[in-house]
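Here's the structure we're looking at; comments come further down.
The values are calculated or read from the model by the stated rules, or taken from the named source; none is laboratory data. Treat the numbers as computed from the prediction; the structure is a model and nothing was measured. Ideal geometry is used to build each Cβ from the backbone, glycine not excepted, and the neighbour counts take in all protein chains shown. These accessible areas exclude ligands, DNA and RNA; they are computed on the full protein's heavy atoms, side chains included. Shrake-Rupley method; radii C 1.70, N 1.55, O 1.52, S 1.80 Å.
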Amino acid sequence: MNSNQAPQWAADVPPVDRVPAQVSGPVPPQPTAPPAGPHEPLDPRLIQESLAAVAPMAHDLVSHFYALLFIDRPDLRAMFPPMMDAQRDRLLAALLRLGTGAHAPEAHREFLRQLGRDHRKYGVLPEHYAAVGSALIGALARYSGGRWNAATRDAWTALYGWAAGIMIDAAEQDAAASPPWWDARIVAHEHRGPDIAIITVAPDRPLPYRPGQHVTVETPWWPRVWRHYSIANAPRADGLLELHVRALPAGWVSQALVHRARVGDHIRLGPARGALVMRGESLRRALCIAGGTGLAPIKALVEHMAQRQLAHQAYVFIGARHSSELYDVRSLALMSEMYSWLHVVPAVSDEHSFDGARGTLPDIIARYGNWHDHDVFISGSAAMVRATTSRLTLDLGVAPGRLLTESLDTVSQGERVLGAG
């Protein structure tokens, strides 16, 4: 994270047009175990006013929060990666973004339940939430100044206690159904260019998932740092999973997986998540759009359609800047030779000599026809997903309800409250 760039939650703080009553100084934090839930209605104005007060000092607040947390519970430091520069604000950001929506906390319930389930792979225990709540209140009290009073403290304590209770309950329910992570051995590792690898892993036990979903991955070289990667195949009898990884310039996990990992190495996998999945098992017309390694979930969806005979017609557009980046188009092309309903269109935007579709994916899709009666699946960079979604809905008349999209650029934001990755 750039030291001059405020955390995202700070940008989301609503304007304040009323200043609360002044008090002589911050009220000391009251560290308590998270209550089962707020017994009185929250006053969202108190919470949002305190957020507006601390927003200009966001980075100082983040540092103070972690100082309080690690002083109170030094054992929790081991849950965080050695270098926290790039992601140190994620823990607090998740909590404070909840505060910006304090007027409708129930809207966050499923988000919080998912956080609670995801925390299990970091070794989070119910008693850890009390320490986080104490540090949150302490940091807010210090940097809210005159806008902090007993009523504001009570509002934050109630909101956090309610949220922590939901996360704890979700984690306990999840523990009864699945492990916190799977150990997996790399059984195949194939480079597809200087910065892309296709990696096949064998989990130590069956890992349930739906085609189109992703898992988080932790490597032995960067303990406690997890990154998301889509599974590139439909479920198989042998339980193997195929992952497509592009090594990013500052990507700790991606660099290790592409350039350091070898067959026989072991990694950890988190539970499958994500909503880029098929709705039902009916015969359909499908439009699948993939940019870069966003091809991985699209490939899994196509395999699923083939296995279950679910497609009346399916078009798969695979985009890249240069043809050398179309790293796995051959496997889809081979499938199209086997299935008459499958049409694969590789496309490049920055290579004029390419013998095929040229241009951006939104433009190419617009040239190919009418998609209003197709189920649409889009995966790739956040910019590509936004541009393609806009073109389909605003210009091509595709109903928004027909679109399912995912970008792993953004899916990790706010994934968890404890741990960093």
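Considering A261, A296, A256, the condition of being under 21 Å from I378 (Cα atoms), of a type in the set (G, A, S) and surrounded by 18 or more Cβ atoms within 10 Å (Cβ to Cβ) is satisfied by A296 alone. Output the number of residues of segment 299-313 satisfying the condition of being open to solvent by 20 Å² or more (accessible area, probe 1.4 Å) and closer than 11 Å to S331 by Cβ. Number of matching residues: 1.
Can you tell me which residues in segment 86-143 are farther than 26 Å from P74 by Cβ, in contact with a Gly (Cβ under 7 Å, 6 or more places away or on another chain) and modelled with pLDDT of 80 or more? Answer for segment 86-143, where residues must be farther than 26 Å from P74 by Cβ, in contact with a Gly (Cβ under 7 Å, 6 or more places away or on another chain) and modelled with pLDDT of 80 or more: A107, H108. Condition first: under 14 Å from T200 (Cα atoms) and open to solvent by 10 Å² or more (accessible area, probe 1.4 Å). Now tell me which residues in segment 215-253 satisfy that. Of everything in segment 215-253, those that are under 14 Å from T200 (Cα atoms) and open to solvent by 10 Å² or more (accessible area, probe 1.4 Å) turn out to be Y229, P235, R236, D238, G239, L240, E242.
Could you check segment 162-194 and list, in sequence order, the residues that are of a type in the set (D, E, K, R) and open to solvent by 30 Å² or more (accessible area, probe 1.4 Å)? If the condition is that a residue be of a type in the set (D, E, K, R) and open to solvent by 30 Å² or more (accessible area, probe 1.4 Å), then D169, E172, D183, R185, E190, R192 are the ones that fit. Checking the stated criteria, P297 turns out not to satisfy the condition of being closer than 25 Å to W181 by Cβ, outside any helix (DSSP H, G or I) and under 25 Å from the mean Cα position of the chain (by Cα). Scanning segment 368-391 for residues that are under 18 Å from R285 (Cα atoms) and either without any contact (Cβ under 8 Å) to a residue 60 or more places away in the chain or small (G, A, S) (or both) yields Y368, G369, N370, H372, S379, T389.
Residue-level check: of (1) crowded, with 24+ Cβ neighbours inside 10 Å; (2) in a helix (DSSP H, G or I), A130 misses just (1).
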